[in-house]
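Novice: Got a structure here, written out as structure tokens. Questions coming.
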């Protein structure tokens, strides 16, 4: 198999969260959709009601600790 290796910075898991370019792009899209909104500081965000509904449609269960 001769698959082209993607740069490791495209996506990475760091301390339980998704980082890298993919993580940044996904989060930017969530902001644009109104799924997250700022909460007090430049780095703190909260999930909106719209966000809970959208993530649930994607199959993300935020109400359980682990799947």
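Novice: If residue 9 meets every condition in (1) closer than 25 Å to residue 63 by Cα; (2) at pLDDT below 80; (3) part of a helix (DSSP H, G or I) apart from one, which number is that one?
Specialist: (1)
Novice: Kindly indicate which of 34, 20, 40, 16 is at pLDDT below 95, on the phi > 0 side of the Ramachandran plot and either surrounded by 12 or more Cβ atoms within 10 Å (Cβ to Cβ) or touching a helix residue (DSSP H, G or I) at 6+ places or on another chain (Cβ under 6 Å) (or both). Let's see the steps before the verdict.
Specialist: Working: 34 fails: at pLDDT below 95; 40 fails: either surrounded by 12 or more Cβ atoms within 10 Å (Cβ to Cβ) or touching a helix residue (DSSP H, G or I) at 6+ places or on another chain (Cβ under 6 Å) (or both); 16 fails: either surrounded by 12 or more Cβ atoms within 10 Å (Cβ to Cβ) or touching a helix residue (DSSP H, G or I) at 6+ places or on another chain (Cβ under 6 Å) (or both).
Selected residue: 20, the only one of 34, 20, 40, 16 that is at pLDDT below 95, on the phi > 0 side of the Ramachandran plot and either surrounded by 12 or more Cβ atoms within 10 Å (Cβ to Cβ) or touching a helix residue (DSSP H, G or I) at 6+ places or on another chain (Cβ under 6 Å) (or both).
Novice: If you go through the range 43-54, how many residues are loosely packed, with under 10 Cβ neighbours inside 10 Å and not in a helix (DSSP H, G or I)? If you could, list the steps in order and put the result at the bottom.
Specialist: Quick first cut of the range 43-54, residues loosely packed, with under 10 Cβ neighbours inside 10 Å only: 43-44, 49.
Of the ones still in play, those that are also not in a helix (DSSP H, G or I) are 43-44.
The number of residues fulfilling the criteria is 2.
The values are calculated or read from the model by the stated rules, or taken from the named source; none is laboratory data. Just so it is clear, the model here is predicted, and its values are computed rather than measured. Heads up, the Cβs are rebuilt from the backbone with ideal geometry, glycines too, and the neighbour counts pull from every protein chain shown.
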